[in-house]
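Okay, structure first, notes after.
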Amino acid sequence: MDRGFFIILAAQFLSALADNALLFAAIALLTELSAPDWHTPLLQEFFVISYILLAPFVGPFADSMPKGRVMFISNAVKFVGCVTMLLGLPPLYAYAIVGLGAAAYSPAKYGILTEYLPPSQLVKANSWMEGATVAAIVLGAIIGGLLISPKLIGAMLGDWGLADWLGVPQFAILIIIFLYLGAAWFNLYIPRLPIDHKVPKKNPVFLLYDFWHSFKLLWKDPLGQVSLAVTTLFWGVGATLRLVVLAWAAFNLKFDLTHATQLTAMVAVGIAVGAAVAGKWVKLESSVKVLPAGIVLGLTVIAMIFVTDWRIAMVLMFAVGALAGYFVVPLNALLQHRGHLLMGAGHSIAIQNFNENIGILVLLGIYTFMVGHGVHIHWVIVSFGLFISLAMTVIWRRHRFDEVQ
């Protein structure tokens, strides 16, 4: 991997770090505003809706110009969303603006890998990218947790004489703004590559038709189908479990939000390790052989309900993350490779985001419904664990049947 790849990696790391820290700052801001509990999962819903609504357009946008420039523009939109949250726009709406930038950013950050690197390096590159993203999730959770700590930051603001001007969540958001600025600086130095698979027309009707054609093409491809199904499931469950872990930590371990973020960080560490193992041992052509790890993941999630000791909880969260990273990274690389061959990197990543965020929207919607109707957190965990295992079993059996045919 050369210098250009690591510049891409650094830009993604800082942008993802800001995204993840901002989530916890926004949750703390909702708490400060005495918002109802169900607003917390709704925050994520507002974020991901842009991925779905803009999917037909962000792929062509990412393929219309050098992807480093796309990443810079998209990061600027995230920056604007963060600033509006600081200036008093309700967190749900401000986080939705950040989601607009994230929706446009994603096809560029993954699409550039398929243009910059040969297929033989894609699994390794994805393990690096997932590792950097996971490191951003880890540090984002830790930094976000520290920045919203009333004891630490509240006392510091008091000592500095800023308590009358800035609340704890507002101070966290101010720090996060500088992270987005750092990401923008790296965006400027991303290698400029030739434009690949540029869309012949910019008419919205044509773009919708082109998206639908590409959508069907990827779902009909046998390898594209299995990898798309798995990544859709993974991200839908992953986004929901991040919030489930916060509620579980409060009930089973009596953790506050600051300490609960450390558990989400441990999941991220596990993902990084699982991704590294997959990057070293799993080849692109044998990616689908990791599917049984997803079945075990669901059963591991169910074990959460029996844990009341924080040390065991940390080990369990690491195991959940390691299993997730091990099975999703190779399939993510496979999906990018098939998409790049069939329709172009930007298009395929936009379709991947469309499917994954429908999964997130649906599962977060179910979780929001459960929270709003007072379903016990243990029943929530069992439901999601069983869903993961059953869904992965169906996907695995379907793929084995297709191989026989």
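The values are calculated or read from the model by the stated rules, or taken from the named source; none is laboratory data. Quick caveat, the model's predicted, so the values are computed rather than measured. Note: ideal-geometry Cβ built from the backbone for every residue, glycine included; neighbour counts use all protein chains shown.
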**Request:** Could you tell me which residue of segment 183-204 is modelled with the highest pLDDT, considering only residues that are more than 19 Å from THR133 (Cα to Cα) and of a type in the set (Val, Ile, Thr)?
**Result:** ILE195
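Here's the yes/no breakdown for (1) over 27 Å from ALA55 (Cα atoms); (2) surrounded by fewer than 19 Cβ atoms within 10 Å (Cβ to Cβ); (3) modelled with pLDDT of 90 or more:
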| position | (1), (2), (3) |
| --- | --- |
| GLY359 | no, no, no |
| LEU364 | no, no, no |
| VAL380 | yes, no, yes |
| GLY385 | yes, no, yes |
| ARG397 | yes, yes, no |
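For every residue, the table says whether it meets (1) among the aliphatic types (A, V, I, L, M); (2) at pLDDT 80 or above; (3) in a helix (DSSP H, G or I).
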residue	(1), (2), (3)
PHE178	no, yes, yes
LEU181	yes, yes, yes
PHE206	no, yes, yes
GLN225	no, no, yes
LEU233	yes, yes, yes
LEU241	yes, yes, yes
THR258	no, no, yes
THR261	no, no, yes
**Message:** Looking at ALA76, ALA125 in this structure, which one is more than 17 Å from LEU22 (Cα to Cα) and aliphatic (A, V, I, L, M)?
**Reply:** ALA125
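Out of segment 89-124, which residues are assigned to a helix (DSSP H, G or I) and free of Cβ contacts under 8 Å to residues at least 40 places away in the same chain? Write out each step before concluding.
Restricting attention to segment 89-124, the residues satisfying the condition of being assigned to a helix (DSSP H, G or I) are 91-116, 119-124.
Matches in segment 89-124: ILE97, GLY101.
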**Asked** When you look at TYR116, is it under 21 Å from LEU331 (Cα atoms) and in contact with a Leu (Cβ under 7 Å, 6 or more places away or on another chain), yes or no?
**Response** yes
**Complete:** Reported set for segment 47-59 where residues are within 30 Å of GLY374 (Cα to Cα) and either crowded, with 21+ Cβ neighbours inside 10 Å or among the polar types (S, T, N, Q) (or both) is PHE47, VAL48, SER50, TYR51
**Item:** segment 148-176 - residue that is of a type in the set (Val, Ile, Thr), at pLDDT below 85 and assigned to a helix (DSSP H, G or I) and, of those, surrounded by the fewest Cβ atoms within 10 Å (Cβ to Cβ)
**Value:** ILE153
**Prompt:** Out of all the residues in segment 136-147, is one or more under 21 Å from the mean Cα position of the chain (by Cα), buried (at least 23 other Cβ atoms within 10 Å of the Cβ), at pLDDT below 70 and assigned to a helix (DSSP H, G or I)?
**Reply:** no
**Message:** Just checking, does segment 78-88 include any residue being under 27 Å from TYR209 (Cα atoms) and outside any helix (DSSP H, G or I)?
**Reply:** no
**Item:** Cβ-Cβ under 8 Å pairs, at least 6 apart or on other chains, segment 57-78 side more than 18 Å from TYR116 (Cβ to Cβ), far side basic (Lys, Arg) and not in a helix (DSSP H, G or I)
**Value:** PRO60/LYS202
**Asked** Of the numbered conditions (1) over 20 Å from ALA21 (Cβ atoms); (2) in contact with a helix residue (DSSP H, G or I) (Cβ under 7 Å, 6 or more places away or on another chain); (3) not aromatic (Phe, Trp, Tyr), HIS213 satisfies every one except a single condition; which is it?
**Response** (2)
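Yes/no matrix, rows are residues, columns are (1) surrounded by fewer than 19 Cβ atoms within 10 Å (Cβ to Cβ); (2) among the acidic types (Asp, Glu); (3) at pLDDT 75 or above; (4) over 20 Å from GLU356 (Cβ atoms):
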{"site": "PHE61", "(1), (2), (3), (4)": "no, no, yes, no"}
{"site": "VAL70", "(1), (2), (3), (4)": "no, no, yes, no"}
{"site": "SER74", "(1), (2), (3), (4)": "no, no, yes, no"}
{"site": "CYS82", "(1), (2), (3), (4)": "no, no, yes, yes"}
{"site": "PRO90", "(1), (2), (3), (4)": "yes, no, yes, yes"}
{"site": "LYS109", "(1), (2), (3), (4)": "no, no, yes, no"}
**Message:** Can you find a residue that is closer than 26 Å to TYR367 by Cβ and surrounded by 21 or more Cβ atoms within 10 Å (Cβ to Cβ) anywhere in segment 2-13?
**Reply:** no
**Fill in**
Within segment 215-251, the residues that are surrounded by 22 or more Cβ atoms within 10 Å (Cβ to Cβ), of a type in the set (Gly, Ala, Ser) and more than 18 Å from VAL329 (Cα to Cα) are ALA249
